[in-house]
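Scroll down for the structure; my scribbles are underneath it.
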Amino acid sequence: MPKVTVDGTEIEVPAGATVLQACELAGKEIPRFCYHERLSIAGNCRMCLVEVAPGPPKPQASCALPATEGQVIKTDSAMVKKAREGVMEFLLINHPLDCPICDQGGECDLQDQSVAYGRGGSRYDENKRAVTEKYMGPLVKTVMTRCIQCTRCVRFAEEVAGIEEIGAIGRGENMQITSYLERAVTSELSGNVVDLCPVGALTSKPYAFMARPWELKNTAAIDVMDAVGTNIRLDSRGRQVLRAVPRINEDVNEEWASDKTRHAVDGLVQRRLDKPYVRKNGKLVAVEWADALKAAAAAAEKAGKSVAAIAGDQVDCETMFAARQLVKSLGGTMFEGRQTGLAYDTSSLSAVNFNTGIANIENADVILLVGSDLRREAPLVNTRIQKAVRKRGAKVFAIGPETDLTYKAEFLGANLGLLSKLPKHVADAFKAAERPAIIVGGGSLRYEGAHGAALAFAKKHKLVRDGWNGFNVLHFAAARMGGLMLGYAYDGGIKALAAKKPKLAFFLGADEVDYSIFADTFKVYVGHHGDAGAHAADVILPGAAYTEKSGTYVNLEGRVQRGDRAVFPPGDAREDWSIFRALSDLTGKVLPFDSLDALRVEMAKAVPALGHEGLATYGWGVPSLPDKAIADIADYPIKDFYLTNAICRASETMQRCSSELVHGEEWLEAAE
């Protein structure tokens, strides 16, 4: 490890580190616009200039200069100060004076660094250049006159999102950043360029002119739009969440978030259930809480032990636990969370877990995807594999209908029989692999024998070995792993449960269920949106969305995470667990908790792993399952990435994304 001296302090830096990284290890702040830790080095903004000896007697770009033994680096010399002032002056030559009306105001790198490192005035009085606005789709607003050509958005699109739809045209003063043919950017991660842009050239279109950052309350939360468990920050004002942005978590989402995570929040104030309803004479009628709870309690008394609970895709563990305890106290034993009909074996949680881990999957050298459209089901897992392919040369093979995954993948066919008889070159690749992996998606698990065939494949090709577990099941519902830990998995799946004809069923935000199979069941819907579940219900008890309650969620790799409440539920809606606590009073089966903390204590007693944040550990145990799978995978579960749940379907932004990016409809915008 080379030793360098930074402003008189000698430090040791890792081999291969740059001078900029060495300075940061020494605790020095180096301004930058083009450099970003997760993107390749461009070295084109020149803001990170430092003085280095030995070397030429001039400032050098620290982001592109390797740190070598014996270097003496100065970050605060007169030469460096003058050079940075000059660079800033050039950057501001054509930058418009938009700060009062710019959406980036208050969180703009150019603002901050011009104050910290600029001259305080410009010597240029020529006319500023102007650049026409570019169209990048329904999520990204452009004001390209502000652009300083840092190319962060270009590098992100290619290196992280895996699409080459943003680039530069022209040279010199005529250089412009634009999308391909000025069409909408099709990536599910396009919103991240807003966070990357240091100058306000790219800002959030749905959030435009909504608020200033100092007006907002920040709340740490967990995203529920998929099973990745993206760490997010909810920014709210009053009783409304105005935006969701990612928090850094290297083990889960790095610092990215999918477009659905970011922009579905406008659906939180549309089509909400804000008062209880009871069905009378075939019509849902608004009633008081006492009447709705009495109706549900009366149904429970009539049902006896014939009671079930079905969990939706976005439910927190506290809600599922409270519902489970109430149903058990009534004598019920029917619980299910796989509302779309999946019926894979759950006797071993390690056999349905993403065992390699989200961060570790990028170290795999050979990967087989089975019935998984990763780009739509888990975009931030897809970026990890994109990194494995681009940086480490990983080989990716896939079984299922061909789809664009943003990286090179060889599709072997759609028949699940390929799991037992791989083509020779694929079998040889797995034989030679040091870190082989399989990812089994919901597109295959609905077929008989698929789960067993995947486990047999893992055993045959030694995917589980010392220090490496390459067997992975990919869930795409935020509530799935938590539900499985709490026992929400009925033998035979939801169809087998419905065949038992429960007299009473609690539906916990379950909007993707085929309600026709519960025609003879009294249905109590506990949820937050007037979607399919509410339309089918006999009693509606309005609950809280994920932004309106503190909750525990378990992501697809078994990581237990907790989010906090950002705002309160609208109208008469309540936190879901408290609804079951109130209902237990009327049924005479009083639940042993009166607060969220007390509930969590009881939940941790029942499932100890849910009492601690972090990865839950499951011993590797493989159930003995039928391993003959011969079906063809017809399609993937997610048909429309932007409309997968009730919140998205209520969101105008997600509706527009669906119509434009999935269905190809054209949206015309007025000239500004």
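Structural remarks
- Alpha-carbon gyration tensor eigenvalues x 5, square-rooted, for the stretch 82-160, Å: 24, 15, 13
- Taking each residue as 0.36 nm, the span from Phe90 to Tyr618 lengthens on full extension beyond its C-alpha to C-alpha distance by 184.4 nm.
- Backbone N under 20 Å from the Asp428 label point (7 Å along Cα→Cβ), restricted to the stretch 338-366: 365-366
- Taking the C-alpha atoms of the stretch 344-484, convex hull volume expressed per residue in Å³: 104
- Gap separating the Cα centres of the stretch 93-124 and the stretch 413-459, nearest whole Å: 54
- Highest to lowest packing among 95-104, 325-334, scored as the average C-beta count within 10 Å: 325-334, 95-104
- Förster radius 41 Å - calculated FRET efficiency between Asn218 and Glu666, Cβ distance, rounded to 0.05: 0.65
- The share of accessible area on the chain that comes from carbon and sulfur is 50 percent, using a 1.4 angstrom probe.
- Near-label residues of the stretch 250-267 by backbone N, under 16 Å of a point 7 Å along Cα→Cβ of Thr403: 259-260
- Inter-label distance, nm, simple model (7 Å from Cα along the C-beta direction), Asp594/Asp251: 3.6
- Each residue of the stretch 256-267 was assigned a 3J(HN,Hα) from its phi angle through the Karplus curve 6.51 cos²θ - 1.76 cosθ + 1.60 (θ = phi - 60°); the sequence is 10, 8, 6, 5, 5, 4, 6, 10, 7, 5, 5, x Hz, with glycine and proline shown as x.
- Under the Karplus curve 6.51 cos²θ - 1.76 cosθ + 1.60, θ = phi - 60°, whole-Hz ³J(HN,Hα) for the stretch 364-371, x wherever Gly or Pro sits: 5, 9, 9, 10, 10, 9, 10, x
- Cross-link partners of Lys549 among lysines, defined as those whose alpha carbon lies under 16 angstrom from its own and excluding same-chain residues fewer than eight positions apart: Lys217.
- Of every Cα-Cα pair in the chain, the percent that sits beyond 31 Å: 58
- Working note: Cα atoms of the stretch 12-148, range along each principal axis, descending, whole Å: 48, 36, 24.
- Stretch gain in nm, segment Ala359-Glu159, where the contour uses 0.36 nm per residue and the Cα spacing is subtracted: 70.3 nm
- Positive minus negative residues near Phe476 (Lys, Arg vs Asp, Glu; Cβ under 10 Å): -2
- Dividing the Cα radius of gyration of the stretch 534-647 by 2.2 N^0.38 Å, with N the residue count, gives 1.43.
- Using the Cβ-Cβ distance between Arg123 and Ala78 with R0 set to 25 Å, the FRET efficiency works out to roughly 0.85.
- Ordering of 74-81, 528-535 by packing [mean C-beta count within 10 Å, highest first]: 528-535, 74-81
- Whole-number percent relative contact order across the chain, with pairs defined as alpha carbons under 8 Å at least 6 apart: 14
- Between the beta carbons of Tyr180 and Glu602, assuming R0 = 45 Å, the FRET efficiency works out to 0.25 to the nearest 0.05.
- With both labels modelled 7 Å from their Cα along Cα-to-Cβ, the Glu173 to Lys462 distance reads 6.6 nm.
- Spatial separation of Cα centroids for the stretch 573-604 and the stretch 646-662, in angstrom: 35
The values are calculated or read from the model by the stated rules, or taken from the named source; none is laboratory data. Please read these numbers as outputs of a predicted model, since none were measured by experiment. Cβ coordinates were reconstructed from backbone atoms using ideal geometry, including for glycine residues, and neighbour counts include every protein chain displayed. The area values use the complete protein model at the heavy-atom level, side chains included, leaving out ligands, DNA and RNA. Shrake-Rupley method; radii C 1.70, N 1.55, O 1.52, S 1.80 Å.
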